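Notes for the one structure printed next.
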Amino acid sequence: DGADAIPETPVAGHTGKEGFMRVTVTRPHLSGHRTAERPRQRGHEPVVLPLTAPTHDVLAAGRALEKPYGALAITSAEAVRALSKLEDGLDPHRAAMLFTVGKVTAAAARDTGFTAAHSADGSGVELAALIADHFARHGTPADPLLYLAGRPRAAGFERALSETAIAFRTVECYHMLPIDHDPDDLHQTLVERPVDVVLFYSRENVERFFSLPVFLRDQAALSRTRFLCLSRNIANAVPPQFDTQIGVAASPEEDDLLYLV
């Protein structure tokens, strides 16, 4: 994904249009631009502000697949992108049983050629429950589940798996690295024209956003901003002085998050 804060082309500017908002998307570049289309189609001005950029460890992914596994688990489309870089080396694995979190990740897996993708709505905890139920009904594979993960990541999926009898191994195949934005660009984008809404998809990005030097100097720019979070766990990372400005999606799905905009 890209490495710059990218203000989207304004649709109208602050012209007094009823309901018009500047919506900041804190996802990485590729997924952020995809998400930005949703508020744009509703007449808002999206501001794509990637706070991290992925680096893929293709070698680790390839080595992980060389060892016997009973099924695959993925909690982010970023892992799918890492696997896709194996190209022909992925061919023997495209028919593997694959479990993902969310429809978007499952769709990315199918687009990459996986033919047996199962998705759980919600978070890693729901994914662990789906896998446990599937194995209870169809039999537990002799080889361990292979979780292709990233860093940093939430601990919920691995913790929930550990509470079952399912053997698994975790291999990190991508890392999300912080992006250093130009302070003047951030001031122009976020302070000179304060944003109305910020969309948060992870605790890490909440912490990075509120640690931006531009806000350490001038938090008044956030006095009327709404902070919309994919889950209550993410919302808990928002500084307490903004408690009355927080919204939480009804479920950890992007459609429910964008419904709050």
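About the Cα centre of segment 139-224, how large is the charge dipole given +1 on each Lys and Arg Cβ and -1 on each Asp and Glu Cβ? Please answer in debye to the nearest 20.
It comes to approximately 300 debye.
For helix 29-41, what angle does its Cα long axis make with the longest principal axis of the chain, in degrees from 0 to 90 and rounded to 10?
Roughly 60 degrees, rounded to the nearest 10.
Would you work out which of Leu51, Ile74, Val214 lies farthest towards the positive end of the dipole of the chain, given +1 charges on the beta-carbon of Lys and Arg and -1 on that of Asp and Glu, about the Cα centre?
Ile74
If you roll a 1.4 Å probe over the chain with all protein chains in place, what percent of the accessible area is carbon or sulfur?
Carbon with sulfur: 50 percent of the solvent-accessible area.
Quick one: of the DSSP bridges fully inside the chain, what percent are antiparallel, nearest 5? Don't skip to the answer; put the middle values down first.
Details: 7 of 39 bridges.
Rounded to the nearest five, the antiparallel share is 20 percent.
In what sequence, largest accessible area first, do Thr24, Thr244 appear using a 1.4 Å probe?
So the residues, ranked largest to smallest area, are Thr244, Thr24.
Does segment 91-178 come out rounded, prolate or oblate, given a ≥ b ≥ c as the square roots of the eigenvalues of its C-alpha gyration tensor, rounded meaning a/c under 1.5 and, failing that, prolate meaning a/b above b/c?
It comes out rounded by the Cα gyration axes.
Over segment 161-203, give the accessible area per residue in Å² for a 1.4 Å probe, as an integer.
Value returned for segment 161-203: 51 Å² of accessible area per residue.
How much of Arg232 can a 1.4 Å solvent probe reach, expressed as accessible area in Å² and rounded to 10?
Counting only protein heavy atoms, Arg232 exposes about 130 Å² to solvent.
Answer rounded, prolate or oblate for segment 56-103, using the Cα gyration tensor with square roots of eigenvalues a ≥ b ≥ c: rounded when a/c is under 1.5, else prolate when a/b is larger than b/c, else oblate.
Note, shape of segment 56-103 comes out oblate.
Suppose every Lys and Arg Cβ carries +1 and every Asp and Glu Cβ carries -1, with no other charges. What dipole size does the chain come out with about its Cα centre, to the nearest 20 debye? Can you show the working numbers first?
Values: 26 positive and 34 negative charges, 72 e Å.
With only Lys, Arg, Asp and Glu charged at Cβ, the dipole is about 340 debye.
Calculate for the chain the 222 nm mean residue ellipticity that helices alone would give, adding -39,500 (n - 2.57) per DSSP H run of length 4 or more and normalising by residue count, nearest 500 deg cm²/dmol.
-9000 deg cm²/dmol
Which whole-number percentage describes the relative contact order of segment 100-188, with Cα contacts under 8 Å and a sequence gap of 6 or more?
In percent, rounded to a whole number, it is 25.
Work out which GluC sites (Glu not before Pro) in the chain are exposed loop sites (DSSP not H, G, I, E or B, at most 11 other Cβ within 10 Å) and give the longest gap free of them.
So the longest stretch without any such site is 19-162.
The values are calculated or read from the model by the stated rules, or taken from the named source; none is laboratory data. Worth saying up front: this structure is predicted, and the values here are computed from it rather than measured. Cβ: placed from backbone, ideal geometry, glycine included. Neighbour counts: every protein chain shown. The protein model used for the area step is the full one, side chains on, heavy atoms only, and it has no ligands, DNA or RNA in it. Shrake-Rupley method; radii C 1.70, N 1.55, O 1.52, S 1.80 Å.
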